[in-house]
Amino acid sequence: MDPQPLDRPALIAALLFQMEAGADECIGAEPVDRFAAAAAAREAAAARAEARAPLPKPAAPAALSPKPPAEGDAAEAVTEARRLAAAAKTLDELRAAIEGFEGCALKQGARNTVFADGDPAARVMFVGEAPGRDEDREGKPFVGRSGQLLDRMLAAIGLDRRSAGPERGAYITNLLPWRPAGDRDPASEEAAMLLAFLERHIELAAPEIVVTLGRAPASALFDESVSITRARGRWRNATRAGGRPVLPTLHPAYLLRQPAEKAKAWRDLLSLRAVLDGAPPPEAR
Ligand code: URA
């Protein structure tokens, strides 16, 4: 059976309806050709009608979680990421290497590669999880609501990503440089694949201190699955951060959802301020 001709006005009306309802982007990691799927479904229905076969159950909607790459492909991508990261001799070269890396499917769904913001000469480097919608649009980390909260948190201890220099400056990046579809948490395969870039990023920026925001970057740098509510506030030296002291703290997006937890984040910020002022990192091990 021939596919139905496209009813363009109806398609545009459906799209406008979705936009009015608040949909402002597609969220699948992989593009889906709905026209081909609809044509195939019509053909299958016609064939079933002919054979009088019972209708199969409708397919479940496509999951937002990543399709795991074949084992060999993933291993190759990790090797390639490590090779590119090691070859980068400057932050600009590292940014270009990440932009040129084709091993991660997230890149295909992202508008921008989100590399970093702030002064790379700052004493502290903050590492978040992954860009969200606003960051993906602007190509900079932490520019949405959680970024505004992060800026206020930094200001409370005398730091500012717009200031240059080691005293007041702050340098900000993420574990993943591309937005995961639907703003889900980074998958462990993605973290494992892209960690080499973060390690090299820390090595090239060479901050005195790394502060991780949320569970994923702490787990990646400590090489274990951490519970952020237990790990937060506990300084540790991390081999993957070049042996530097790392302070895990709560993610600003979590603090927006759970404002009562801000007191704990405040304690972590005061601990960071004290170390910046010369105190030894407490409990660092
Ligand atoms: N959350 C993150 O972890 N990073 C961003 O850049 C924005 C939101």
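What follows is calculated from the coordinates using simple rules that are stated; it is not laboratory data. Since we're looking at a predicted model, the values are computed, not measured. Note that we place each Cβ from the backbone using ideal geometry, even for glycine, and neighbour counts take in every protein chain shown.
For Asn237, the residues 5 or more places off, or on other chains, whose built amide H falls under 5 Å of its own are Val246, Arg285. Bridges between two residues of segment 62-211, per DSSP, are antiparallel at a rate of about 20%.
Between Glu224 and Leu256, the contour length at 0.36 nm per residue exceeds the Cα-Cα span by 8.9 nm. Projecting label points 7 angstrom from Cα along Cα→Cβ for Leu270 and Thr239 puts them 3.5 nm apart.
Here the Karplus relation 6.51 cos²θ - 1.76 cosθ + 1.60, evaluated at θ = phi - 60°, turns the backbone of segment 161-178 into coupling constants of 5, 8, 8, 8, x, x, 5, 9, x, 9, 10, 10, 9, 9, 5, 9, x, 10 Hz, with x for every Gly and Pro.
The share of alpha-carbon pairs in segment 71-276 lying farther apart than 21 Å comes to 48%.
In order along segment 139-152, phi translates into HN-Hα couplings of x, 9, x, 6, 10, x, 4, 5, x, 5, 5, 4, 4, 5 Hz, rounded to whole numbers, per the Karplus curve 6.51 cos²θ - 1.76 cosθ + 1.60 with θ = phi - 60° and x for Gly and Pro. Taking the charge dipole of segment 71-276 about its Cα centre, with +1 at Lys and Arg Cβ atoms and -1 at Asp and Glu Cβ atoms, the residue from Met193, Trp178, Gly128 reaching farthest to the positive side is Gly128. Computed 3J(HN,Hα) for segment 246-256, one whole-Hz value per residue from the Karplus formula 6.51 cos²θ - 1.76 cosθ + 1.60 where θ = phi - 60°, is 10, 10, x, 9, 6, 6, x, 5, 5, 5, 5, glycine and proline marked x.
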